[in-house]
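Below is one structure, written out as structure tokens; the observations come after it.
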Amino acid sequence: MGKPVLIEEETQLEQFKHDYDASQWMAQEYILGNSYYLLFYIKKSGEVFRFSQKNLIQQSGGRSIIAAEGSNIHTEKFVRKYENTFKKIGFYGLVMIEVMKKRDMYYAIEANPRFWGPSQLFVDCGVGFFELFLHDNGFNVELPVMPEGKKTRCYYFWGNGLKSTEKPDTFFNYSYEEMMRNWEFWQSVDIYNRPDTIELFDKGV
């Protein structure tokens, strides 16, 4: 079971202890605040490329991202601490870090050595992580010119992800009402509402 288990009441904690071997799990505080994903590519040479997204809507239970926009937190100073940690242990390649911001503090939730789910966002923002990965592993591809800071009008939306959960989706500093007011815009940037996937979009994938 790879997804997180959210425990909000004492009875849930007791049930968890009954169902699972608690010694095999790591407990951490659930932090309410703004949600971000940081994505780094650390080349074998030590050079670091970075990007970030701000999450707006996520499926319940910490599952897939439904809506996000390009962010610029990857340009802030606290990010260097993460980079230095990875370099110190000799890590290179991709790493995605989930970060929560509560008041003026950033809290790292987890780090995964992979692309994040909504990869189309960084592609649309002109961030060439795929090319970096291929080039660093011996493929004959041209290195991309990486943009600096935040690129405006850079969004990700998976509308049909809203229909795939039984519990209410999680909104980060955003609301269902705001989403509905901007529904026409969100549909225009839907991950499947594109020439090569419009048939899937029409089928409600």
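Only the coordinates and a few stated rules stand behind these numbers; no lab work does. Because the structure is a prediction, the values reported are computed rather than measured. All Cβ positions, glycine included, derive from the backbone under ideal geometry; neighbour counts span all protein chains shown.
With the structure loaded, tell me whether SER23 is without any contact (Cβ under 8 Å) to a residue 40 or more places away in the chain, part of a loop (DSSP other than H, G, I, E, B) and among the polar types (S, T, N, Q) or whether it fails that test. Answer is no for this residue. Taking the listed residues TYR41, TYR82, the one that is touching a Leu at 6+ places or on another chain (Cβ under 6 Å) and of a type in the set (Ser, Thr, Tyr) is TYR41, with no other qualifying.
Could you tell me whether region 83-93 includes any residue that is among the β-branched types (Val, Ile, Thr) and touching a residue at least 12 places away in the same chain (Cβ under 8 Å)? No. Of all positions in region 79-97, at least one carries a residue that is under 30 Å from TRP183 (Cα atoms) and not small (Gly, Ala, Ser).
The set of residues in region 127-140 that are surrounded by 14 or more Cβ atoms within 10 Å (Cβ to Cβ) and either of a type outside the set (Asp, Glu) or touching a helix residue (DSSP H, G or I) at 6+ places or on another chain (Cβ under 7 Å) (or both) comprises VAL127, GLY128, PHE129, PHE130, LEU132, PHE133, LEU134, HIS135.
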